Amino acid sequence: MASTMIVTTTLIFLSVTVTVNSHIIPPKIDEKLLEFPLNLEYFEAEYFLFGSMGQGLDSVEPDLAAGGPPPIGAKQANLTSLVKDIITQFGYQEVGHLRAIKKTVRGFPRPLLNLSAESFATVMNDAFGSPLSPPFDPYANDINYLISCYVIPYVGLTGYVGANPELHSPVSRKLVAGLLGVESGQDAVIRSLLYERADEKVVPYETTVVEFTEKISKLRNKLGKMGLKDEGLKVPKKLGAEKKVQGNVLAGDEDSLAYGRTPKEILRIVYGTGDEKTPGGFYPNGGNGIIAKTYLRGG
C-alpha cells in the first residue's frame, strides 16, 4: 500500500513539473495559459518603446519578435521628459517580461499589431458613442498618451489575476506572480499620473480626464460581457473602497481585490469586437498562440 502511494505521488509530481536542461518547466496544461499573455506583452513592449524612443523590438531586441510582422503606425509620442523617462522604463520592463515568458514556454512570434493613431481613435469613438472631432491622437502629448496607456495594459493585469488560480505548477504561479507585480505597478503609475489631472479638460475636447477613463472602462465592461470588472478614476461611493470614497486611483472589487479576466474576455476587448472569434482593432489578424488560434478557428 505504501509503495503504491509513493509511485502515485511520484507520477503526479512528474505530471506537474518536467526538468529539461536543468531548468524546471511547467506542464503542458499550463503552457497555453502562460503563452497567451505574450499577445498583450508584445502590445505593451512595442507601444511603450515606440512611444518613448521611436523604435521597437526590431531595434531593441529583435530575437524576441521572432520574425513577427512589425506593428502598423507605431511612432514616437510628443512627451515631456518625465513621462518619456517613465514610459522608457516601462518599455524595457516589457522586454524583460517577454524574455521571462519565453524562457519558460516556447511562445510564438509577435502578432500583427495596429498601433496607429487611427486605431486608438476608433476605440475612443466607440467609448464615446460618436466620433470625436478632431480624431483622438494618442501620440500628440502627455495626457493623450497616458489616456491611451489606460486602454490596454490594465487588461493584461486582469488576465494574470484570472490565470493564476488555473495554473498547476509552482513554476507557472511564480512567473505569473512576478509579472503581475510589475504590471500592477505600471497600472498604478499610469492611473496616478492621470488622477493628478483628473479634472483637467483634454484639449480640444470638452471632456475631463476622469470622464475619458469612465468611458473607456464602461466600453471594456461592455465588450468583456462579464459584468463590472473595470472602473474609472472616480466612482460612486458604493463602488469606492469600503464604500467611503469616490477617488479610485486603484481599481478593485468590494474587498479592494484586483478583478480577473479570462482569455476569452480579453480577446473580446482587445479585438474591439466583443467576440473572441472575430479579430479586429489592435489585432487585425487576431492573436497568436493555442488559445487565440482555437477561437479563431471557431473553437
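The values are calculated or read from the model by the stated rules, or taken from the named source; none is laboratory data. Since the model is a prediction, treat every value here as computed from it, not as a measurement. Heads up, the Cβs are rebuilt from the backbone with ideal geometry, glycines too, and the neighbour counts pull from every protein chain shown.
Brief remarks follow.
- Extreme residue, farthest from residue 148 (Cα to Cα), among residues of the range 67-105 that are among the hydrophobic types (A, V, I, L, M, F, W, C) and touching a Pro at 6+ places or on another chain (Cβ under 9 Å): 105
- Annotation note: of 225, 237, the sole residue that is under 21 Å from residue 123 (Cα atoms), in contact with a helix residue (DSSP H, G or I) (Cβ under 8 Å, 6 or more places away or on another chain) and surrounded by fewer than 15 Cβ atoms within 10 Å (Cβ to Cβ) is 225.
- Pair list, Cβ < 6 Å and 6+ apart or interchain, from the range 262-279 residues that are within 9 Å of residue 295 (Cβ to Cβ) to residues that are charged (D, E, K, R) and in a loop (DSSP other than H, G, I, E, B): 264/276; 267/276
Yes/no per residue for (1) among the charged types (D, E, K, R); (2) in a loop (DSSP other than H, G, I, E, B); (3) at pLDDT below 95; (4) within 19 Å of the chain's Cα centre (by Cα):
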site	(1), (2), (3), (4)
256	no, yes, no, no
260	no, yes, no, yes
269	no, no, no, yes
274	no, yes, no, yes
277	yes, yes, no, yes
291	no, no, no, yes
294	no, no, no, no
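- A single member of 145, 154, 160, 150 is at pLDDT below 95 and either aromatic (Phe, Trp, Tyr) or on the phi > 0 side of the Ramachandran plot (or both), and it is 154.
- Residues of the range 205-226 classified as touching a Phe, Trp or Tyr at 6+ places or on another chain (Cβ under 9 Å) and outside any helix (DSSP H, G or I), total: 2
Here is a yes/no grid of residues against (1) on the phi > 0 side of the Ramachandran plot; (2) in contact (Cβ under 8 Å) with a residue 40 or more places away in the chain:
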{"position": "63", "(1), (2)": "no, no"}
{"position": "66", "(1), (2)": "yes, yes"}
{"position": "71", "(1), (2)": "no, yes"}
{"position": "77", "(1), (2)": "no, yes"}
{"position": "86", "(1), (2)": "no, yes"}
{"position": "91", "(1), (2)": "no, yes"}
{"position": "99", "(1), (2)": "no, no"}
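- Selection status of residue 251, buried (at least 20 other Cβ atoms within 10 Å of the Cβ), of a type in the set (Gly, Ala, Ser), touching a helix residue (DSSP H, G or I) at 6+ places or on another chain (Cβ under 9 Å) and modelled with pLDDT of 95 or more: yes
- Residue satisfying all of: in the range 191-214; among the acidic types (Asp, Glu) and either touching a strand residue (DSSP E or B) at 6+ places or on another chain (Cβ under 7 Å) or in contact (Cβ under 8 Å) with a residue 40 or more places away in the chain (or both); nearest to residue 83 (Cα to Cα) among these: 200
- Single match in 101, 87, 12, 72 (criterion: at pLDDT below 95 and either touching a strand residue (DSSP E or B) at 6+ places or on another chain (Cβ under 7 Å) or among the aliphatic types (A, V, I, L, M) (or both)): 12
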